[in-house]
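Laboratory data are not the source of any read-out in this text; all were calculated from the coordinates shown. What you see is a predicted model; the values in this text were computed from it and never measured. Please note: Cβ atoms are built from the backbone with ideal geometry, for glycine as well, and neighbour counts cover all protein chains shown.
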Amino acid sequence: MNENKEVLAEVKNLRKSFPVNKGMLWRRRSGAVRAINDVSFNIYKGETLGLIGESGCGKTTLSRIMMGLTDATEGEVLYKGQQVGAGAPSAFRKEVQMIFQDPYSSLDPRMNIRRIIEEPMRIHTKLSARQKLDRILFILEKIGLDEDALERFPHEFSGGQRQRIGIARALVLQPELLICDEPVSALDMSVQAQILNLFKQLQQEMKLTYLFISHDMSVVKHVSDRVMVMYLGRIMELAPKRKLFGNTLHPYTSALMSAIPLPNPELRRARTLLEGDLPSPLNPPAGCPFQTRCPKAQAVCRTRMPALQEAEKDHFVACHLYSGEAGA
Ligand code: SF4
């Protein structure tokens, strides 16, 4: 798929399990939570890959593995063909940066803005004080803050401004790939739109690639070129945005779509309500992981896990309705 595009990062057959221990005194292993289960995909240079799913679907674990902050149980992540992990080359540490959900807790309240933005350059570069200041001022202008912000502290800024500062800190090392973990979900709706537009503007100006994680389909729709839908640690659907929204295949994606508010409240859309909670990853259902909540589940769904297959060009789906195992 996407033969002509340059692959920046590759995720291959990734699995991540966390052991579960029992007993107060003798902590015996009693099972394992499978947070990520056989996940493979590419990120292409210059694109925004939106990753959507409910809380507990594995998106944060995936982002931590991609940052080299947690090791995978099986499989691998490659960045520019080199394996990511504890011993990743220093170029990776500069070129892949993360933007966090909470602009309040991700900035050190004891540091002024100059020190916060300077910190990554102090650790990863040998730039002179003048060079560092020039780069800080350049980034500050890009994110829309004035020079007088430099000597102030995080508590003096609004939520949107703090997120701009978090973006500046991530950009100061001139990264290529930004992993954005729910970067607007803690912000007011009006501020969300401004920050999403800033992400788009920065992408064009600085030739950035994004993995953009969200639980909000309208946010993903606004920013993404391709969209990947995850459920219980597996990919359910992966497609270019136009195909995913124009020809939604997976019942779980349809349910997420129907939760997007319509601009005109007079208009009504047939809603697919998701019943019940996400099953426990400690004890996932047999067969398709979505079968306990799926309005289209059939007998085969309760026994066999559907593989992720290409249903149309560049449009992948894991569902028996398209695998030939059940009637569509
Ligand atoms: Fe629903 Fe079956 Fe498709 Fe799973 S495989 S999404 S249960 S129809």
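Structure notes:
- Around the amide H of L51, modelled in the peptide plane, lie the amide H atoms of F212, I213, S214, M228, all under 5 Å away and 5 or more residues distant in sequence or on another chain.
- Rg/Rg_globular for the range 3-85, with Rg_globular taken as 2.2 N^0.38 Å and Rg from C-alpha atoms: 1.30
- Karplus-derived 3J(HN,Hα) values for the range 167-175, using 6.51 cos²θ - 1.76 cosθ + 1.60 with θ = phi - 60°, are 5, 4, 4, 6, 8, 5, 8, 6, x Hz; glycine and proline are entered as x.
- The range 208-238-the range 24-84 distance, computed between alpha-carbon centres (Å): 15
- Around the amide H of I36, modelled in the peptide plane, lie the amide H atoms of K16, all under 5 Å away and 5 or more residues distant in sequence or on another chain.
- Amide H contacts of Y231 (H built 1.01 Å from N, in plane; Pro and chain starts excluded): M236 sit under 5 Å, all sequence-distant by 5 or more or on other chains.
- From helices alone, the chain scores -8500 deg cm²/dmol at 222 nm; the rule is -39500 (n - 2.57) for each run of n ≥ 4 DSSP H residues, then divide by the residue total.
- Percentage relative contact order, the range 42-192, counting C-alpha pairs under 8 Å, at least six apart: 30
- Within the range 124-143, backbone nitrogen closer than 11 Å to the virtual label 7 Å beyond the Cα of E205 toward Cβ: 138-143
- Net charge, L238 excluded, C-beta distance under 13 Å - Lys, Arg +1, Asp, Glu -1: -1
- Members of K132/K241; K94/K200; K80/K221 lying beyond 32 Å, as alpha-carbon distances in this model show: K132/K241
- Alpha-carbon spread of the chain, three principal axes, descending order, Å: 67, 60, 45
- Loop-located GluC sites (Glu not before Pro) in the range 87-156, at most 11 other Cβ atoms within 10 Å (DSSP): E151
- Qualifying trypsin sites (Lys or Arg not before Pro) in the range 103-166, DSSP loop, other Cβ atoms within 10 Å at most 14: R110, K126
- Additional length obtainable on full extension of the chain from E325 to D146, 0.36 nm per residue less Cα span: 58.5 nm
- Chain lengthening between D108 and S190 when straightened (0.36 nm per residue, less Cα-Cα): 27.0 nm
- The mean sequence separation of alpha-carbon pairs under 8 Å and at least six residues apart, normalised by the residue count of the chain, gives a relative contact order of 19 percent.
- Cα→Cβ-extended label distance, 7 Å offset, between Q83 and N283, nm: 3.7
- Put a dot 7 Å past the Cα of R93, heading toward its Cβ, do the same for K45, and the two dots end up 2.5 nm apart.
- Counting Lys and Arg as +1 and Asp and Glu as -1 over every other residue whose Cβ lies under 10 Å from the Cβ of P154, the net charge comes to +1.
- Remark: spin-label model distance D71-R242 equals 4.4 nm, labels positioned 7 Å along the Cα→Cβ axis.
- Computed 3J(HN,Hα) for the range 225-238, one whole-Hz value per residue from the Karplus formula 6.51 cos²θ - 1.76 cosθ + 1.60 where θ = phi - 60°, is 9, 10, 10, 10, 9, 10, 8, 6, x, 10, 7, 9, 8, 8, glycine and proline marked x.
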